[in-house]
Amino acid sequence: MTEEGLMVLRSYPLFAFGTLQDAEVFELVSGGIPLSLVPREAGWLAGQSIVGAEDRLYPVLQQAAEAWAPGTLFHDLSAEVLDRLAWFEWPEFRPEPQEIATTSTTRTCACFIPAQKPSATAQSWSLETWQKNKKRHWLSFAELCMAFYGVCTSEELDLHWEDILARMNGHPRDLPEHIEARCEEISGIDS
């Protein structure tokens, strides 16, 4: 994560329009913080709608002049939680300041925006539909990702992800020693 991105993330409340609004997802990525203990409120991003990312397990924003993308503002997240969220989202998503409307005001918030916007589906995205159709698969993906938090950088994880998946499915791969050691810990197999 860049220093500029970290500054944005640490300077404003976090606005999430996707999977982080789910209690299990938030708890997994945050390192065990129950969502019920986090001060939060509803918010809306003007001029955007939320659609599914094609062939992905998460949503993206799409410009729509008259639309308001709903989401959640998270307040008072600790530096450790923000670090975990940044590690999980980076380098695919980067925190950027966005003006978010709440029921009482408009304020600047940090929002994870794709570094390169993936192809979007024509279908609108909702948390409820995602929870029914894709959540279980997403949780297994996220659980494996977060197992490497503190072991490697998010860039290393991104670079070696396909080989990690192959390794976890029993196919030997040439991985850096620290990543291979973590794969062994997770699978309970010694090399």
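The values are calculated or read from the model by the stated rules, or taken from the named source; none is laboratory data. This is a predicted model, so every value here is computed, not measured. Cβ: placed from backbone, ideal geometry, glycine included. Neighbour counts: every protein chain shown. Heavy atoms of the whole protein, side chains included, go into the accessibility calculation; ligands, DNA and RNA do not. Shrake-Rupley method; radii C 1.70, N 1.55, O 1.52, S 1.80 Å.
What share of Cα pairs, in percent, lie more than 18 angstrom apart in region 1-100? Everything past 18 Å amounts to 47 percent. Considering every alpha-carbon pair of the chain, the percent of pairs per 5 Å bin, from zero through the bin containing the longest distance, is 1, 7, 15, 19, 20, 16, 10, 6, 3, 1, 0, 0. Relative to the longest principal axis of the Cα atoms of the chain, the long axis of helix 79-89 lies at roughly 80 degrees.
Measuring nothing but how far apart in sequence close Cα pairs (under 8 Å, 6+ apart) lie, relative to its length, region 41-94 scores a relative contact order of 35 percent. Note that region 110-121 has calculated 3J(HN,Hα) couplings of 7, 9, 6, 10, x, 5, 10, 5, x, 4, 10, 7 Hz, one per residue in order, obtained from phi through the Karplus relation 6.51 cos²θ - 1.76 cosθ + 1.60 (θ = phi - 60°); glycine and proline are x.
Please report, as a whole percent, how much of the solvent-accessible surface of region 32-169 comes from carbon and sulfur atoms (probe radius 1.4 Å). Write down the numbers at each step before the final one.
Working: 3560 of 7400 Å².
Exposed carbon and sulfur together represent 48 percent of the surface.
Can you spot the aspartates and glutamates whose alpha carbon is less than 13 Å from K132's alpha carbon? Ignore those fewer than 8 places along the same chain. Of all the aspartates and glutamates, those that pass the test against K132 - Cα under 13 Å, at least 8 places apart if same chain - are D22.
Once C-alpha pairs closer than 8 Å and six or more residues apart are averaged by separation and normalised to the residue number of the chain, the relative contact order reads 23 percent.
Based on DSSP H segments of at least four residues, each scored -39500 (n - 2.57), the chain has a per-residue ellipticity at 222 nm of -11500 deg cm²/dmol. With a ≥ b ≥ c the root eigenvalues of the C-alpha gyration tensor of region 98-189, is it rounded (a/c under 1.5), prolate (a/b larger than b/c) or oblate? Prolate shape, in that a/c is at least 1.5 and a/b is the bigger ratio. Where both bridge residues fall in the chain, DSSP classifies roughly 90% of the beta bridges as antiparallel.
Could you estimate the translational diffusion coefficient of region 45-112 from the Stokes-Einstein equation, with Rh from the Kirkwood formula over C-alpha pairs, at 37 °C and 0.692 mPa s, in whole µm²/s? Numbers along the way, then the final one.
Working: Rh = 13.4 Å.
Roughly 245 µm²/s, to the nearest whole number.
In this Cβ point-charge picture (+1 for Lys and Arg, -1 for Asp and Glu), region 98-183 has a dipole of about 540 debye about its Cα centre.
With N denoting the number of residues in region 83-150, provide Rg(C-alpha) divided by 2.2 N^0.38 Å, to two decimal places. Kindly include the intermediate steps, with their values, before the conclusion.
Values: Rg = 14.8 Å, N = 68, 2.2 N^0.38 = 10.9 Å.
Ratio of Rg to 2.2 N^0.38 Å for region 83-150: 1.35.
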